[in-house]
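The values are calculated or read from the model by the stated rules, or taken from the named source; none is laboratory data. Small disclaimer: the values here were computed from a predicted structure and weren't measured. When we count neighbours, we look across all protein chains shown, and the Cβ atoms used for this are built from the backbone with ideal geometry, even at glycine.
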């Protein structure tokens with residue numbers, strides 16, 4: 001009578017989708033939330049780089065020889081750290097390290113994100129076709145997958161990037177950052193689609209005989225409709241996990257290739273290029289700080305992505321063990 005709920009009245013059951021349940025698990029994971037915040041901040045910093053440059057007042061490509069001594073080393077302590085140059089000065093060029101790290105984040109993330117999206121899309125398409133049609137189609141695509149997995153990534157990359165860049169840019173011309181970035185994306189896609197293809201193939205094989213697929217066939221749906229509208233939407237969880245774990249792998253791979261000298265050309269900011277430069281001057285007085293800034297940024301980004309990817313996997317598959 002007073003409006004209080006009846007204790008004997010059954011409580012309403014609120015249904016939640018698998019995505020909502022996964023989000024609830026993810027929110028309870030403090031490590032995942034911390035990693036997610038770090039990743040979000042890095043995206044904001046990376047893609048807000050022009051605004052940060054305007055406020056900060058330094059260009060990532062401008063040389064400042066007046067900030068270097070006669071040995072081309074930064075003046076001052078810790079690579080020239082000051083109120084004007086928060087992370088110090090790059091040896092030999094005098095460029096500001098902070099703004100180069102900001103733009104370097106954008107370079108690494110852009111290449112990794114685009115390559116990951118294309119890689120997973122291609123792998124999902126191949127895996128879906130192989131798993132759905134089976135037999136000869138599955139055997140042929142499986143053979144192509146095995147051959148692609150047998151190719152050596154590093155050797156192919158060391159040979160492909162310089163030759164393709166020179167061929168496309170023309171003799172005597174230096175390949176630009178957009179061209180080299182595109183070649184890196186092609187390289188990552190060429191060597192990366194096989195894992196997601198095998199993953200999706202296994203999922204499709206387990207789904208192709210399910211009742212909802214048979215119902216779609218009985219209703220007259222074509223193979224394309226069944227694959228793209230019925231089956232692939234049901235394999236989003238492993239695809240999402242693959243995406244979250246592939247991004248840090250490609251960030252590391254891009255930095256490694258740039259470190260080896262076949263990545264983004266100077267003076268375009270790139271974490272791999274700057275890391276190689278930092279290692280080359282590491283023995284100098286105070287030069288360890290330059291290495292710590294660039295290497296620490298790369299380490300933090302990869303670690304945050306990996307922790308977030310592991311947390312997403314655990315949230316989507318609560319039976320998995322960390």
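Considering the stretch 166-198 alone, what residues qualify as being at pLDDT 90 or above and over 19 Å from residue 112 (Cβ atoms)?
Those that are at pLDDT 90 or above and over 19 Å from residue 112 (Cβ atoms): 197, 198.
If you take just the helices (runs of 4 or more DSSP H) that sit entirely in the stretch 13-108, which of them hold at least 3 residues that are under 19 Å from the mean Cα position of the chain (by Cα) and within 29 Å of residue 308 (Cβ to Cβ)?
The qualifying helices (runs of 4 or more DSSP H) are 30-47.
Does residue 129 satisfy the criteria of being within 16 Å of the chain's Cα centre (by Cα) and in a helix (DSSP H, G or I)?
For residue 129, the condition - within 16 Å of the chain's Cα centre (by Cα) and in a helix (DSSP H, G or I) - is not met.
Can you pull out the residues in the stretch 265-285 that are more than 19 Å from residue 49 (Cβ to Cβ) and surrounded by fewer than 17 Cβ atoms within 10 Å (Cβ to Cβ)?
Within the stretch 265-285, 279, 280, 282, 283, 284, 285 qualify.
Restricting to the stretch 169-186, name every residue that is without any contact (Cβ under 8 Å) to a residue 40 or more places away in the chain, in a helix (DSSP H, G or I) and either surrounded by fewer than 14 Cβ atoms within 10 Å (Cβ to Cβ) or under 21 Å from the mean Cα position of the chain (by Cα) (or both).
Within the stretch 169-186, 178, 179, 182, 183, 186 qualify.
Here's a check for you: in the stretch 241-264, which residue that is touching a helix residue (DSSP H, G or I) at 6+ places or on another chain (Cβ under 6 Å) and not in a helix (DSSP H, G or I) is surrounded by the fewest Cβ atoms within 10 Å (Cβ to Cβ)?
Filtering first and then ranking leaves 262.
Residue-by-condition table, conditions (1) farther than 27 Å from residue 302 by Cα; (2) surrounded by fewer than 20 Cβ atoms within 10 Å (Cβ to Cβ):
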{"position": "75", "(1), (2)": "yes, yes"}
{"position": "86", "(1), (2)": "no, yes"}
{"position": "95", "(1), (2)": "no, no"}
{"position": "143", "(1), (2)": "yes, yes"}
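Could you please find all residues in the stretch 187-211 being part of a helix (DSSP H, G or I) and out of contact with any helix residue (DSSP H, G or I) (no Cβ under 6 Å at 6 or more places or on another chain)?
Matches in the stretch 187-211: 190, 195, 198, 202, 206, 211.
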